[in-house]
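Laboratory data are not the source of any read-out in this text; all were calculated from the coordinates shown. All values reported here derive from a predicted model rather than from experimental measurement. We place every Cβ from the backbone using ideal geometry, glycine too, and count neighbours over all the protein chains shown.
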Amino acid sequence: MKAKKTQTSKSSEIEPIDLVGRFWDESWTYIKTVVDVVREPVLILDKDLRVLAANEPFYRTFQVEAKDTEKKVVYELGNGQWDIPDLRRLLEEILPKNTFFKGFEVIHKFPLIGRKVMILNARQMHLKEELKMKPLILLAIEDITDMMDVADMLNVHTNKFKDAMTDRTEKLEKQIKKLEKEILVDKKVIKKKKKVIKKNKKEEKK
């Protein structure tokens, strides 16, 4: 009796490259969906710091378009306006050693939109090491320019108020000293007059 050969269905076999592709598609869809609903500007970078995607708040805040952003190294964005020394240090020195950083303040003047005060947060994402998938970098940018401008304005007004109060206090102190001198003079005059009156009364009695 001959043994029957078992046939393996080709449809049930998944090539490693298909598995990687499928996992990448699923992961990318999830990451992109999350990034798109975040209110802060966000860039998704590859390991070479090339922009894979950006969300709408990024395009709106920095007044750029997708065609001028995607597939470009982050430092090349906007004709090099993102070639910021502090950003280079964060992405090339701090991030590789720590896998993430947060709360770094960067102040930079952009050609089109002017001075911006930004808080940068970044994290490396390793999707599947066993599948040898390349890591991604999420760079979140919080624009706190308006808040800092308000703080600066309050600081200016506070300093002006402080200077005004100091000036008024100095003037008041001068007036008080002047009054004290006048009162002292008046006391001496009054005392002198009293002596004259007393002397006159004595002479009248004689």
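Miscellaneous remarks
- Label-point separation in nm, Glu182 to Met147, each point 7 Å along Cα→Cβ: 5.3 nm
- Protection proxy ranking, peptides 176-185, 48-57, 69-78, 111-120, average beta carbon neighbours within 10 Å, highest first: 48-57, 69-78, 111-120, 176-185
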